[in-house]
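Here the structure is laid out as structure tokens; the discussion comes afterwards.
The values are calculated or read from the model by the stated rules, or taken from the named source; none is laboratory data. Keep in mind the model is a prediction, meaning the values are calculated, not measured. Neighbour counts run over all protein chains shown; Cβ positions are idealised from the backbone, glycine included. Keep in mind that these areas ignore ligands, DNA and RNA; they rest on the heavy atoms of the full protein, side chains included. Shrake-Rupley method; radii C 1.70, N 1.55, O 1.52, S 1.80 Å.
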Amino acid sequence: MEAAPLSAVPPVPEMAKPGTDTQGPTNWDWVEASVWTDRMLAALVNGVQGGKWYSLMDKVVTPSTLEAAWRRVAANKGAAGVDGVSILRFKARAEHYLVELERDLRQGSYQPLPARRVHIPKGKGKTRPLGISAVKDRIVQTAVKMVLEPIFEREFLPFNYGFRPGRGCKDALREVDTWLKAGYTWVVDADLESYFDTIPKGPLLEQVSEKISDGTLLDLIQRFLDQDILEDMRQWTPTAGVPQGSVFSPLLSNLYLHPFDDIVSQAGYKMVRYCDDFVILCRTQAEAEAALALAQAWTQQHGLRLHPEKTRIVESSQADHGSGFDFLGYRFAGGRRYVKPKSLKALRDKIRQKTGRTRSGTLDQIIAELNPTLRGWFGYFKHAISGTFRTIDGFVRRRLRAILRKREKRPGHGRTHQDHQRWPNAFFAAHGLFTLHEARMQASQSR
């Protein structure tokens, strides 16, 4: 479909709102107190003259900010960058390194090292590139983020849930549920193709400069945007994008989509966004088509692209599981939540890794390794249809029975009636196996 110009896309009338549309956070407990004093927070809430902030670099380079940033980086752990300096190695000489960082930043001689690129599995044989910055660069990025985040956070709209303080996937999923139950069942299920890699650097920095008027800080951000990538023996400077894996790339990626949030909100559409993953929920097919045209026009005009194969319009009220839409690991269809097949496969793969038939360890040790995975998965997917949990429980017990059969030198996969009699469900419960179905029953009774 050819994108229509933004001026040609009609707004839809505003409807009753199940949720709140209040812009900006209502508390600032999450900000770094050594940076954001009561006086600065008052200026943030009341607004600054001209809408721009000056002299922020002084906040970045103070020893207290760099020390606070170092504590956060150390807590997050993570691998060493291209210089080979790990968290433990940096910690041994942290005071010396932080003094060096402050000096280089004040003198303007600081230059980020190349980010070490690695690839993590994404499914179906695909991988996602991540850039691992040096520890010292992660500290500087964290210091910059601590200074900038409250300024932009104040502007972000409430339906933006990705990588924001006090917000998360579960909040986004609840809002999707709310709009679906309110009758917004025509859904634009959208995906931005290679979003992090395609954000135009120039326009992104212009958006930063709309609120920040500190040339030294803007120059530092530009240096990070131009940070080289090192993969194997090849080094290059990317012409666009923000490096996935960097400390403040989520903030910058949210910032670049903020004008899109604004225009969708002004048009009266109901959107829920988690970083580059978003759905627009409408009452009619015509509204959904107009919303998709708006999204196509805006992304095209701003150097982005909706994925042609993953972006579609669906009518989600049908009970058919295959007719719904996927969002943040769930599939929504017919007013119910299912677990997305890809999410189910990922869990089964993790279970298989921990329950190989030839693995070592006692049954209690194996169960102790399994339980955190099962509990964590249930904590996120507990709102899925109940039948899902019985199926997974059965799969886990079959894997454990297969291990026990192997240790008795008997081939098989633990599926026989005799296996169930010898090692019934109660046997595994007595050994402390976390049971998803039982957890779901308990959660249902407590509501």
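Here are a few things to note about the model shown:
- Hits in region 303-343 (condition: open to solvent by less than 30 Å² (accessible area, probe 1.4 Å), under 12 Å from Ala384 (Cβ atoms), in a strand (DSSP E or B) and not aromatic (Phe, Trp, Tyr)): Ala333, Arg337, Val339
- Condition met for Ala134 (at pLDDT 95 or above, under 27 Å from Ser209 (Cα atoms) and not charged (D, E, K, R)): yes
- Flag if Arg348 is open to solvent by 30 Å² or more (accessible area, probe 1.4 Å) and assigned to a loop (DSSP other than H, G, I, E, B): no
- The single condition among (1) surrounded by 14 or more Cβ atoms within 10 Å (Cβ to Cβ); (2) free of Cβ contacts under 8 Å to residues at least 60 places away in the same chain; (3) outside any loop (DSSP other than H, G, I, E, B) that Ala80 does not satisfy is (3).
- Taken over region 162-174, the criterion of being part of a loop (DSSP other than H, G, I, E, B) and open to solvent by 20 Å² or more (accessible area, probe 1.4 Å) is satisfied by Phe163, Pro165, Gly166, Arg167.
- Test: residue in region 192-203 that is modelled with pLDDT under 95, of a type outside the set (S, T, N, Q) and more than 18 Å from Leu255 (Cβ to Cβ): yes
- Test result for Trp377, modelled with pLDDT under 95, of a type in the set (Phe, Trp, Tyr), surrounded by 12 or more Cβ atoms within 10 Å (Cβ to Cβ) and at negative phi: no
- From Arg398, Arg410, residue being farther than 27 Å from Ser343 by Cα, basic (Lys, Arg) and either assigned to a loop (DSSP other than H, G, I, E, B) or open to solvent by 20 Å² or more (accessible area, probe 1.4 Å) (or both): Arg410
- Of the strands (runs of 3 or more DSSP E) lying entirely inside region 212-300, not one contains at least 1 residues that are within 24 Å of the chain's Cα centre (by Cα), of a type in the set (Phe, Trp, Tyr) and under 28 Å from Gly84 (Cα atoms).
- Answer residue from region 351-366, given it is more than 29 Å from the chain's Cα centre (by Cα) and of a type in the set (A, V, I, L, M) and is least open to solvent (accessible area, probe 1.4 Å) among those: Ile366
- Residues of region 417-431 that are open to solvent by less than 70 Å² (accessible area, probe 1.4 Å) and either under 32 Å from the mean Cα position of the chain (by Cα) or charged (D, E, K, R) (or both): Asp419 alone.
- Residues in region 17-45 that are at pLDDT below 90 and open to solvent by 80 Å² or more (accessible area, probe 1.4 Å): Lys17, Thr20, Asp21, Thr22, Gln23, Thr26.
- Of all the residues in region 83-131, those that are under 25 Å from Asp226 (Cα atoms), at pLDDT 90 or above and either open to solvent by 80 Å² or more (accessible area, probe 1.4 Å) or in a helix (DSSP H, G or I) (or both) number 14.
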